[in-house]
1. Can you say whether residue 308 is assigned to a helix (DSSP H, G or I), modelled with pLDDT of 90 or more and assigned by TED's automatic domain parsing to the domain that holds residue 287, as far as the supplied structure shows?
2. On the basis of being at pLDDT 85 or above and at negative phi, does residue 166 make the cut?
3. Only residues that are surrounded by 14 or more Cβ atoms within 10 Å (Cβ to Cβ), touching a helix residue (DSSP H, G or I) at 6+ places or on another chain (Cβ under 7 Å) and either more than 16 Å from residue 211 (Cβ to Cβ) or without any contact (Cβ under 8 Å) to a residue 60 or more places away in the chain (or both): list them for segment 293-312, please.
4. Among the numbered criteria (1) surrounded by 14 or more Cβ atoms within 10 Å (Cβ to Cβ); (2) at pLDDT 90 or above; (3) out of contact with any strand residue (DSSP E or B) (no Cβ under 7 Å at 6 or more places or on another chain); (4) under 21 Å from residue 220 (Cα atoms), which one does residue 281 miss?
5. Tally the residues that are buried (at least 16 other Cβ atoms within 10 Å of the Cβ) and touching a helix residue (DSSP H, G or I) at 6+ places or on another chain (Cβ under 9 Å), restricting the search to segment 322-350.
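The values are calculated or read from the model by the stated rules, or taken from the named source; none is laboratory data. Keep in mind that what you see is a predicted model, and the values were worked out from it rather than measured. Using ideal geometry, Cβ is built from the backbone for each residue, glycine included, and neighbour counts are taken over all protein chains shown.
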């Protein structure tokens, strides 16, 4: 597939600097302009990637978006500060800018941008999955995750990021327990909103998944928001009261609690904030994946989600798959056939409810109405 890259800079040295990093393919086209030499017919150029080098990148990018025929897949801005983000809407699509701080970051981002521009069908919207990291004091980087590749290969976009509570962004970013509160949840929702604003994601077909802390946030998001259409919670934490002092992190986690802490006080004060307290609000198809010998998030955590779902939300598709003789790290160091099965369970769930049967709720309601009408008819005849 051919990609068109437009480079705009008044600095002649910048072209010499950036050209070797582009690693153009045989059919790729590169257009180089100065700001005061932009052609009148620039608006006719369908651009895959726009690279701007200017001290006034933000304002000049906005101007360019008014004349470009289609919003580029990705815009790279040099000499832009960390707050440089553009969400200017043009013909229903959003443009966004990635400030660059290193050559490696640019290379990785450019490859992603070119691939994205070449595979997306014009005016088509795709299902997507928000994948939440574990931790929470960890961070996603530009590295290989086979789960992402599996989902993308099946036609789904993957959204991932580092909400508040993640490491790598300074102490203030992850201090104060923000990872467990609404701050991290709000960040994750914002990630999804930003992705949807780019125009190629179907907002009605967005799923969510995550493992460990990511499983906790998956549960929280489907209980506290209406953003998602399907969910897969993996090796999750669901009840922070019953998990207190248990497993291989019991003593470590207990040190975060004040010295005057008493278990009974905790149960009384915190139970209402637990995931299981709003299982009634879980209204999307939910798959629960967990290992029996999980000493980080005990398998009873999965059961405390599954049982209430069957008792109180029986009309919502819910499936639990338990893996024997496996631990918390099964997806990375477990038996190979279990790793494969785990991946298949997750991808099959999202394929079913985001691609094959996104209207499952409508069909279920119609079936329920027919069943009710049939029963009423039988009652009348009896």
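1. Details: assigned to a helix (DSSP H, G or I): yes; modelled with pLDDT of 90 or more: yes; assigned by TED's automatic domain parsing to the domain that holds residue 287: yes.
The answer is yes for residue 308.
2. Values: at pLDDT 85 or above: yes; at negative phi: yes.
Here the answer is yes, as residue 166 does meet what is asked.
3. Scanning segment 293-312 gives 295, 298, 304, 308, 309.
4. Among (1) surrounded by 14 or more Cβ atoms within 10 Å (Cβ to Cβ); (2) at pLDDT 90 or above; (3) out of contact with any strand residue (DSSP E or B) (no Cβ under 7 Å at 6 or more places or on another chain); (4) under 21 Å from residue 220 (Cα atoms), residue 281 violates only (1).
5. Summing the residues that are buried (at least 16 other Cβ atoms within 10 Å of the Cβ) and touching a helix residue (DSSP H, G or I) at 6+ places or on another chain (Cβ under 9 Å) in segment 322-350 gives 14.
One line per residue, one yes/no per condition, for (1) at pLDDT 95 or above; (2) in the same structural domain as residue 219 (by TED's automatic domain parsing); (3) outside any loop (DSSP other than H, G, I, E, B); (4) on the phi < 0 side of the Ramachandran plot:
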position	(1), (2), (3), (4)
314	no, yes, no, yes
332	no, yes, yes, yes
337	no, yes, yes, yes
340	no, yes, yes, yes
344	no, yes, yes, yes
353	yes, yes, yes, yes
365	no, yes, yes, yes
368	no, yes, yes, yes
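Per-residue answers, yes or no, for (1) exposed (fewer than 13 other Cβ atoms within 10 Å of the Cβ); (2) at pLDDT 95 or above; (3) within 15 Å of residue 185 (Cβ to Cβ):
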| site | (1), (2), (3) |
| --- | --- |
| 220 | no, no, yes |
| 241 | no, no, no |
| 249 | no, no, no |
| 253 | no, no, no |
| 265 | yes, no, no |
| 274 | no, no, yes |
